[in-house]
Amino acid sequence: MTTPYDLTGQVALVTGGTRGIGRATCMALGRQGAQVVVSSRKAAAVEETVAALREAGYQAEGIPANVGRLEDAHALADQALARHGRVDILVNNAATNPVFGAVEDTSPEAFAKIMDVNVRGPFELAKRLLPAMKAAGRGAIVNMSSIGGLAPERGLGIYSVSKAAIISLTQVMAKEWGKHGVRVNAICPGFIKTDFSQVLWSNEAVMGEVLANQPIARLGTPEDIAELALFLASPAAGFVTGGVYLADGGYLL
């Protein structure tokens, strides 16, 4: 019996798909019948995630890529299209933050790396996949931002800047691409227990302050975000585009 979340026959490409939110999103999309294309920098991690998806009974394959490199981003899109003829769903989840501290201590190299992975990579992937989405008359793009994109996070200055940029990019693409049947939305996770955010949640003082002021007084899970990504990627969100969705337990209230 089909549901508004049914993705049978659709191809979903997830970057940063081997850990945390990305892996959980791959599982959620696979559970609903999508052919999941898992991408991340490390081939071994990609292979392990694909094996886990298949073990769960889902359709999956992998394409290693570093989306911060222009040639890798283009090759990833081209390989996915060559294998399937289209990509119906793109989840831009890959991100990096090589620095933590005062914004003035961010080196030019770190600044460039953050922007290349967090902003240029998602843009280049989406742009490369757009012609196939236009030809199909549909497409769903989910960009992973952060609460830092709405309210800069202490110690995460340029990362927060990059996540504000991806919100703006989401809305630009939604406005320009809606006429082609392509929907683009952004998710702003709060404090989620992943390896990526360990520097924050492993700090008892920081977490004590956060949870004391957060209406839902717990850390989020990757699955909390994955289920929202599933909704935005699915036919259930067919009239939803240009949205910026907080999933932060109420932290920013």
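Where a number appears in this text, it was derived from the coordinates with a stated rule and is not lab data. All values derive from a computational prediction rather than experimental measurement. With ideal geometry, Cβ positions are generated from the backbone for all residues, glycine too; neighbour counts draw on all protein chains shown.
Here K113 is the anchor, and the lysines within straight C-alpha reach of less than 21 Å, apart from those fewer than 8 places off in the same chain, are K42, K127, K163.
Against the chain, whose longest principal axis is taken from its Cα atoms, helix 43-55 shows a tilt of about 60°.
The helix-only estimate of mean residue ellipticity at 222 nm for the chain, built from DSSP H runs of length n ≥ 4 each weighted as -39500 (n - 2.57), is -13500 deg cm²/dmol after division by the residue total.
Computed over the chain with a Gaussian network model linking Cα atoms closer than 10 Å, the most mobile of A212, A236, A95 is A212. Roughly speaking, what is the centre-to-centre gap between region 228-253 and region 47-82 when only Cα atoms are used, to the nearest Å? Region 228-253 and region 47-82 have Cα centres separated by 24 Å. Overall, region 11-245 carries a charge dipole of about 740 debye about its Cα centre when +1 sits on the Cβ of Lys and Arg and -1 on the Cβ of Asp and Glu, all other atoms neutral. Ordering F196, V240, N93 by the projection of their Cα atoms onto the charge dipole of the chain, which places +1 on the Cβ of Lys and Arg and -1 on the Cβ of Asp and Glu, puts V240 at the extreme positive end. Highest GNM mean-square fluctuation among N66, N143, N118, for the chain modelled with Cα contacts below 10 Å: N66. Pick from G62, G30, G137: which is most flexible by mean-square fluctuation in a GNM of the chain where alpha carbon atoms under 10 Å apart are linked? For the chain, modelled as a Gaussian network with Cα springs under 10 Å, the answer is G137.
Express the relative contact order of region 11-245 as a whole percentage, based on alpha carbon pairs under 8 Å and six or more residues apart in sequence. Before the final figure, lay out the partial values.
Values: 453 pairs, mean separation 47.7, N = 235.
Once divided by the residue count of region 11-245, the mean separation gives 20 percent.
Once you sort the root eigenvalues of the Cα gyration tensor of region 115-253 as a ≥ b ≥ c, which label holds: rounded (a/c under 1.5), prolate (a/b larger than b/c) or oblate (the other case)?
Working: a/c = 2.53, a/b = 1.84, b/c = 1.38.
Since a/c reaches 1.5 and a/b is larger than b/c, the shape of region 115-253 is classed as prolate.
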